[in-house]
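The values are calculated or read from the model by the stated rules, or taken from the named source; none is laboratory data. Just so it is clear, the structure is predicted and the values come from calculations on it, not from any experiment. Neighbour counts are summed over all protein chains in view; Cβ atoms, including those assigned to glycine, are modelled from backbone coordinates with ideal geometry.
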Amino acid sequence: MRKNELASVFQAMDHDRKGKLTKDRILESLSNAGILSNDVRLSALLRRMEVAGGSLFGLKTFGSLLDSCESLISRAVRGELVIPEFQAFSESLKNIYDETRHDADGAVASYIPQLARVPADNFAVAVSTIDGQQCVIGDADYNFTLQSSCKPLLYAAALEELGVEKVHSHVGREPSGLSFNELSLNKDGLPHNPMINAGAIMTSSLIRRGCSSADRLEYLHNLVKTLSAGVTPNFNTAVWHSERETADRNFALAHHMREHGAFPEGTQIVPTLDYYFSACSMEVTARTMSTIGATFANGGVCPSTGDKVFSEDTVKNTLSMMYSCGMYDYSGEFAFTVGIPAKSAVSGVVLAIVPNVLSIAVWSPKLDSCGNSVRGVAFLKKLVERFSFHNYDGLVESKKSDPRRRSAVVATDQTYQAIYAASVGDTNELKRLVARGHDLNTADYDGRTPLHLAAAEGQIEVVRFLMRHKVHTEPKDRWGFRPIDDAKRHKRNAVIEELSRMAA
Ligand code: GLU
């Protein structure tokens with residue numbers, strides 16, 4: 001970080017102008033910006049603060065603590081994350097939560113005893129942004145089973161592996177207008193869409209067909225783990241057995257599909273259904289669920305690890321299906337009034353995703369007559385009354401507030417973020433920018449590109465990263481200097497070697 005930038009970040013944290021920061025003060029400033037201390041990107045900082053021993057950090061020590069999370073911290077403190085006023089935004093979420101919690105209508109799912117026994121009045125809201133900002137309210141660390149909220153994951157996994165053509169040669173993409181477990185297929189003899197039971201049984205049959213059941217299951221666990229920045233999901237064995245024992249309809253659906261030749265050849269019904277029940281029986285918390293959603297909101301890249309889990313196309317297709325088919329027999333009405341892609345489940349979770357901004361997981365087990373969480377729907381309705389998150393809000397003038405940063409600002413910022421990240425060796429940040437469609441060749445006003453800065457600062461890992469992303473190797477800045485000239489001027493031998501090798 002440049003000296004004056006470091007100083008301004010320090011000052012922004014040092015409210016009482018003591019010239020020293022405590023660990024608590026640092027973490028509080030970050031948490032005000034929505035970056036919580038359990039964020040994996042902060043783990044190195046936390047470790048270094050521990051090692052540094054002393055409890056008060058002056059400017060110089062502070063600078064040495066930051067290292068690879070510099071750009072995150074700088075952006076967080078300067079209000080440059082996607083929701084800049086995160087505290088105010090969180091306050092509004094809490095208000096909506098309080099307004100919604102009194103709604104005691106609905107009944108918990110009772111088709112299996114395990115669901116009938118969940119604490120009916122629990123209520124959690126968790127929001128995660130594409131910059132990894134997080135706000136959790138209520139019972140956000142209580143586990144619930146994925147149930148139908150596994151359907152977008154199964155669909156996305158199948159798309160990622162097999163592509164849209166193959167997947168949709170086995171499942172349609174039209175709302176059925178019928179109940180989620182209706183014994184009905186479309187005119188081609190295929191399940192109507194992947195968000196209803198028949199469709200999810202189908203996608204369950206498509207994933208990793210060549211692998212053993214154990215490996216297929218492990219794949220699913222790892223998928224959830226990668227989507228959620230490393231949280232291992234629980235598995236509720238009792239729910240799995242219950243699902244299996246009461247699954248006459250799901251067996252009927254599978255046989256009906258097999259009778260119509262809908263499955264790929266050689267599909268076995270029992271292992272396929274077992275796989276679907278396993279996906280339904282995985283458990284996460286609302287906090288974890290919102291991180292999973294944020295990976296979708298962020299175009300398939302996990303905001304805090306930078307792992308690319310799904311392609312943009314997979315995400316786009318999955319969100320489209322959620323938008324038209326994700327809320328049972330309320331899907332059209334929900335798309336109309338709330339206007340956010342969402343998937344709900346009988347366990348009482350609703351996962352909603354505002355692309356390029358954030359995801360919201362609301363969990364409250366009491367369901368309405370359509371099978372959607374009563375408080376989940378109520379919360380999301382109130383949310384879009386207050387904030388312009390409806391897909392088509394941009395078209396109308398309204399009094400709703402928009403908590404996100406303006407896009408012109410975002411575009412210029414991305415250029416500077418990329419250049420800055422390159423200069424400090426933050427490849428994770430670069431990965432995220434690429435995932436958001438940023439072109440790493442973009443230069444600033446002076447014609448300086450990320451490669452110039454990485455070369456000048458001797459950030460060899462970044463140089464290699466940029467080479468892998470096939471950026472132009474010899475862009476000239478306004479003074480006519482190429483990255484290799486910068487590397488030579490600053491005697492960055494490893495970089496010189498790498499760049500000469502590429503040029504050759
Ligand atoms: N396991 C449930 C079933 O297949 C999922 C129901 C749901 O959440 O919609 O019936």
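Only one of these conditions is not met by GLY339: (1) in contact with a strand residue (DSSP E or B) (Cβ under 8 Å, 6 or more places away or on another chain); (2) of a type outside the set (Lys, Arg); (3) within 24 Å of SER90 (Cα to Cα). Which number is it?
Unmet for GLY339, out of (1) in contact with a strand residue (DSSP E or B) (Cβ under 8 Å, 6 or more places away or on another chain); (2) of a type outside the set (Lys, Arg); (3) within 24 Å of SER90 (Cα to Cα): (1).
Is it fair to say ASP188 is assigned to a loop (DSSP other than H, G, I, E, B), farther than 28 Å from SER369 by Cα and of a type in the set (Asp, Glu)?
On the way: assigned to a loop (DSSP other than H, G, I, E, B): yes; farther than 28 Å from SER369 by Cα: yes; of a type in the set (Asp, Glu): yes.
The answer is yes for ASP188.
Working only within the stretch 180-198, note down all residues that are under 18 Å from PRO264 (Cβ atoms) and either of a type in the set (Lys, Arg) or within 11 Å of the ligand (Cβ to nearest atom) (or both).
Matches in the stretch 180-198: ALA198 only.
For LEU183, work out the one condition from (1) modelled with pLDDT of 95 or more; (2) more than 30 Å from ASP131 (Cα to Cα) it doesn't fulfil.
Result: LEU183 fails condition (1) only.
Name every residue in the stretch 462-484 that is surrounded by 17 or more Cβ atoms within 10 Å (Cβ to Cβ) and among the acidic types (Asp, Glu), in order of residue number.
Within the stretch 462-484, just ASP477 meets the criteria.
Within the stretch 68-79, identify whether any single residue is in contact with a strand residue (DSSP E or B) (Cβ under 6 Å, 6 or more places away or on another chain) and in contact (Cβ under 8 Å) with a residue 60 or more places away in the chain, and answer yes or no. First the steps, then the outcome.
If we filter the stretch 68-79 for residues that are in contact with a strand residue (DSSP E or B) (Cβ under 6 Å, 6 or more places away or on another chain), which is where we start, we get none.
There is no residue in the stretch 68-79 that is in contact with a strand residue (DSSP E or B) (Cβ under 6 Å, 6 or more places away or on another chain) and in contact (Cβ under 8 Å) with a residue 60 or more places away in the chain.
Six or more apart or on different chains, Cβ atoms under 6 Å: show the pairs whose first residue is in the stretch 111-123 and over 20 Å from CYS280 (Cβ atoms) and whose second is small (Gly, Ala, Ser).
Hits for this filter: PHE123/GLY138; PHE123/SER364.
Consider only pairs whose beta carbons are under 8 Å apart and that are at least six residues apart or on different chains; among these, list those whose first residue lies in the stretch 265-281 and is over 15 Å from SER148 (Cβ atoms) and β-branched (Val, Ile, Thr) and whose second residue is part of a helix (DSSP H, G or I) and within 12 Å of the ligand (Cβ to nearest atom).
Here the result reads ILE269/PHE251; ILE269/ALA254; THR272/ILE201; THR272/SER204; THR272/ALA254, each pair linking the stretch 265-281 to a residue that is part of a helix (DSSP H, G or I) and within 12 Å of the ligand (Cβ to nearest atom).
Determine, yes or no, whether GLU283 is of a type in the set (D, E, K, R) and closer than 17 Å to LYS343 by Cβ. Can you show your working first?
On the way: of a type in the set (D, E, K, R): yes; closer than 17 Å to LYS343 by Cβ: yes.
Yes.
Please identify the pairs in which a residue from the stretch 187-199 that is more than 8 Å from GLY172 (Cα to Cα) has its Cβ atom under 7 Å from the Cβ atom of a residue that is away from the ligand (no atom under 13 Å from the Cβ) and in a helix (DSSP H, G or I), counting only partners at least 6 apart or on another chain.
Cβ pairs passing all conditions: MET195/MET321; MET195/MET322; ALA198/MET257.
Among the candidates TYR142, TYR155, single out the residue that is of a type in the set (Phe, Trp, Tyr), under 30 Å from PHE235 (Cβ atoms) and assigned to a helix (DSSP H, G or I). I'd like the intermediate steps shown before the answer.
Values: TYR142 fails: assigned to a helix (DSSP H, G or I).
Just a single option satisfies the conditions, and that option is TYR155.
If we scan the stretch 204-213, do we find a residue that is within 16 Å of the ligand (Cβ to nearest atom) and either touching a residue at least 60 places away in the same chain (Cβ under 8 Å) or outside any loop (DSSP other than H, G, I, E, B) (or both)? Explain how you work it out, then say what you get.
Going residue by residue through the stretch 204-213, those that are within 16 Å of the ligand (Cβ to nearest atom) are 204-205.
Okay, now just the ones that are also either touching a residue at least 60 places away in the same chain (Cβ under 8 Å) or outside any loop (DSSP other than H, G, I, E, B) (or both), so 204-205.
There is at least one residue in the stretch 204-213 that is within 16 Å of the ligand (Cβ to nearest atom) and either touching a residue at least 60 places away in the same chain (Cβ under 8 Å) or outside any loop (DSSP other than H, G, I, E, B) (or both).
If you go through the stretch 93-109, how many residues are within 16 Å of the ligand (Cβ to nearest atom) and surrounded by fewer than 12 Cβ atoms within 10 Å (Cβ to Cβ)? Working first, answer last.
Quick first cut of the stretch 93-109, residues within 16 Å of the ligand (Cβ to nearest atom) only: 106-109.
Going one step further and asking which of them are surrounded by fewer than 12 Cβ atoms within 10 Å (Cβ to Cβ), we end up with none.
Result for the stretch 93-109: 0.
Any residue in the stretch 242-254 that is more than 14 Å from the ligand (Cβ to nearest atom) and without any contact (Cβ under 8 Å) to a residue 40 or more places away in the chain? Don't jump to the end; show me each part of the working.
Let us first name the residues in the stretch 242-254 that are more than 14 Å from the ligand (Cβ to nearest atom), namely none.
Taking every residue of the stretch 242-254 in turn, none turns out to be more than 14 Å from the ligand (Cβ to nearest atom) and without any contact (Cβ under 8 Å) to a residue 40 or more places away in the chain.
Out of everything in the stretch 140-172 that is within 30 Å of ALA88 (Cβ to Cβ) and surrounded by fewer than 20 Cβ atoms within 10 Å (Cβ to Cβ), what residue ends up being farthest from the ligand (Cβ to nearest atom)? Write out each step before concluding.
So in the stretch 140-172, the residues within 30 Å of ALA88 (Cβ to Cβ) come out as 140-142, 144, 149.
Going one step further and asking which of them are surrounded by fewer than 20 Cβ atoms within 10 Å (Cβ to Cβ), we end up with 141-142.
Working: ASP141: 21, TYR142: 17 Å.
Applying the filter and picking the extreme gives ASP141.
Mind telling me which of the residues GLY79, GLY63, GLY106, GLY58 ends up being under 25 Å from the mean Cα position of the chain (by Cα) and not aliphatic (A, V, I, L, M)?
The unique qualifying residue is GLY79.
Which residues, counting only those in the stretch 472-504, are touching a helix residue (DSSP H, G or I) at 6+ places or on another chain (Cβ under 6 Å) and either of a type in the set (Gly, Ala, Ser) or touching a residue at least 40 places away in the same chain (Cβ under 8 Å) (or both)?
ALA487, ALA494, VAL495, LEU499
Against the condition over 34 Å from the mean Cα position of the chain (by Cα) and either under 18 Å from GLY425 (Cα atoms) or assigned to a loop (DSSP other than H, G, I, E, B) (or both), how does ARG478 come out, does it pass? Walk me through how you get there before you give the answer.
Values: over 34 Å from the mean Cα position of the chain (by Cα): yes; either under 18 Å from GLY425 (Cα atoms) or assigned to a loop (DSSP other than H, G, I, E, B) (or both): yes.
Considered against the rule, which asks whether it is over 34 Å from the mean Cα position of the chain (by Cα) and either under 18 Å from GLY425 (Cα atoms) or assigned to a loop (DSSP other than H, G, I, E, B) (or both), ARG478 comes out as yes.
When you scan the stretch 298-312, do you find a residue that is within 16 Å of the ligand (Cβ to nearest atom), on the phi < 0 side of the Ramachandran plot and either surrounded by fewer than 17 Cβ atoms within 10 Å (Cβ to Cβ) or not in a strand (DSSP E or B) (or both), even just one? Steps first, please.
Applying the first criterion (within 16 Å of the ligand (Cβ to nearest atom)) to the stretch 298-312 yields none.
Looking for residues that are within 16 Å of the ligand (Cβ to nearest atom), on the phi < 0 side of the Ramachandran plot and either surrounded by fewer than 17 Cβ atoms within 10 Å (Cβ to Cβ) or not in a strand (DSSP E or B) (or both), one finds none in the stretch 298-312, hence no.
In this structure, does ALA88 turn out to be under 30 Å from SER359 (Cβ atoms), surrounded by fewer than 20 Cβ atoms within 10 Å (Cβ to Cβ) and touching a Lys or Arg at 6+ places or on another chain (Cβ under 8 Å)?
Judged against the criteria, ALA88 is not a match.
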